[in-house]
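The values are calculated or read from the model by the stated rules, or taken from the named source; none is laboratory data. Bear in mind that the values here come from a model prediction, so they are computed numbers and not experimental data. All Cβ positions, even for glycine, are placed from backbone atoms using ideal geometry, and neighbour counts span all protein chains on display. Remember, those area values only see protein heavy atoms, side chains included, never the ligands or the DNA or RNA. Shrake-Rupley method; radii C 1.70, N 1.55, O 1.52, S 1.80 Å.
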Amino acid sequence: MDDIRFAVLGTGGIGRRTLEVSQHKDGLTAVAACDRNGVALDHDGLDVDELLEATEGNIASGPQSGPEQSSGDEPRDSGPEDDPDMAADGGTATAETADGVKQHGEQAGIVASSQGEPTETPIDDIIAESDAINAVLLALPNLEHDFIPRVAERFAEADYEGVMIDVLKRSRVIGMLDDREDLLKASGITFVCGAGATPGFLTGAAALAAQSFVEVEEVEIWWGVGLKSGYEDNRGTVREDIAHLDGYDIETAREMSEAEIEALIDEHDGVLEFHDMEHADDVLLERAGICDAEDVHVGGVLDVRSDEKPTTTTVSVTGTTFDGETGTNTFELDDATSMEANVNGPALGYLKAGVRNNRAGHYGVFGPADLMPGF
Ligand SMILES: NC(=O)c1ccc[n+]([C@@H]2O[C@H](COP(=O)([O-])OP(=O)(O)OC[C@H]3O[C@@H](n4cnc5c(N)ncnc54)[C@H](O)[C@@H]3O)[C@@H](O)[C@H]2O)c1
């Protein structure tokens with residue numbers, strides 16, 4: 001575990017912080033990073049500070065998945081979400097948002113770094129170098145459910161041997177990865193899915209809290225995020241969260257303009273509350289044998305106008321012990337810990353757990369609860 005050479009796909013709000021946090025962890029060397037416009041590669045290690053400075057307030061975010069999606073040169077499943085024209089819904093958007101944050105156009109994102117090279121095929125460019133990469137962290141948008149599974153498929157088809165890890169949120173994506181498990185195993189990929197905060201860190205906490213019980217009745221995950229100073233950098237995540245509100249879904253959220261998102265946020269005075277979210281904590285706990293997916297409930301409160309968390313993030317696991325007692329074990333995050341800390345610290349921790357498994361020859365699809373004590 002002394003040296004893990006890793007790549008980050010997607011250097012938006014999350015991917016940039018992944019690179020930053022990795023500098024505080026032992027044995028991690030970032031050797032490749034890309035966004036929809038470009039790629040930075042250096043097998044001796046990227047200059048992360050330079051890359052972060054160049055992309056500060058200048059991420060190539062947005063709802064669409066970029067030119068590779070519309071090129072038609074990748075394996076595709078059928079279905080309306082996979083329509084390349086639907087995917088390429090705005091690659092030539094405006095240069096600046098109302099707040100002056102550059103999102104698209106020339107020099108947006110990684111190409112603003114002296115290490116970044118423009119490319120039409122950023123992911124393929126990293127796949128071409130993947131023999132020398134031990135782990136790939138996917139911080140890509142998830143507004144098309146099968147985007148991340150299809151990226152995994154492309155690595156497998158190129159015979160990549162190593163770890164892939166995502167921070168996706170939606171329950172239904174896990175099944176799409178499971179459908180590809182044979183292909184991933186044949187290639188030698190250890191895929192760790194849903195390994196951000198929720199799902200991810202909090203799913204793992206629930207798996208640990210469940211160990212007191214022989215029967216788990218309910219898992220309640222309630223998160224609080226205060227995003228004032230991180231709002232500009234996390235518009236991609238906010239857009240995806242909006243898809244969980246009543247009256248919205250992933251298609252409507254993807255089609256919303258920045259102005260429409262601002263208007264919605266204004267209507268709610270900057271505070272959005274979510275209930276019964278489709279977060280993969282449910283299927284990830286079920287596939288680890290801890291409880292039924294229907295007994296897992298995820299909700300939370302997002303405040304984009306304050307850095308204070310609007311509510312404390314908690315995981316409560318209620319169950320019955322072997323000797324007949326009913327109890328609730330609760331795991332609580334300190335309000336001082338930010339969303340970025342709680343996504344990226346655990347994601348890189350799970351990446352290391354993935355590498356341990358990969359080096360031991362354990363291939364296939366693993367959830368965060370599979371990497372905790374068994375139930
Ligand atoms: N599990 C969790 O706790 C958690 C928390 C926050 C965010 N997330 C997830 O993290 C993901 C990233 O969120 P974000 O806020 O960083 O989004 P973002 O929009 O800021 O960043 C996405 C990045 O992906 C790049 N990208 C898009 N299409 C691409 C393509 N075809 N090829 C290469 N790069 C491409 C963009 O250029 C951008 O750099 C989302 O899916 C979000 O749901 C998970």
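Dipole magnitude for the chain: about 960 debye, using +1 per Lys or Arg Cβ and -1 per Asp or Glu Cβ, origin at the Cα centre.
Tally Lys/Arg at +1 and Asp/Glu at -1 over every other residue whose Cβ is under 10 Å from the Cβ of V31; what's the total? My count for the surroundings of V31 gives -2.
Contact order for the chain, expressed relative to its length and based on alpha carbon pairs under 8 Å spaced 6+ residues apart, stands at 21 percent. Spin-label pair E251-E267: with each label point 7 Å from Cα along the Cα-Cβ axis, the two points sit 1.9 nm from one another.
Cβ under 10 Å from G299's Cβ, G299 left aside: what net charge do those residues give with Lys, Arg +1 and Asp, Glu -1? Result for the neighbourhood of G299: -3. Under the simplified labelling scheme, the D159-K185 pair shows an inter-label distance of 2.0 nm, with each label point 7 Å from Cα along Cα→Cβ. Taking the accessible area of the chain, probe 1.4 Å, and keeping the other protein chains in place, the carbon and sulfur fraction comes to 46%.
From the largest down, the chain spans 64, 51, 42 angstrom on the principal axes of its Cα atoms. Across region 361-375, computed HN-Hα scalar couplings (Karplus, 6.51 cos²θ - 1.76 cosθ + 1.60, θ = phi - 60°) run x, 8, 10, x, 9, 10, x, x, 6, 5, 9, 10, x, x, 10 Hz from first to last residue, x flagging Gly and Pro. For region 201-335, the direction-averaged projected area of the alpha-carbon convex hull comes to 8.6 nm². Net charge of the neighbourhood of G361, taken over other residues with C-beta under 14 Å away and scored Lys/Arg +1, Asp/Glu -1, is +2. With contributions of -39500 (n - 2.57) from each DSSP H run of at least four residues, the per-residue ellipticity at 222 nm computed over the chain stands at -9000 deg cm²/dmol. Solvent-accessible surface of region 201-335, averaged per residue with a 1.4 angstrom probe and all protein chains in place: 44 square angstrom.
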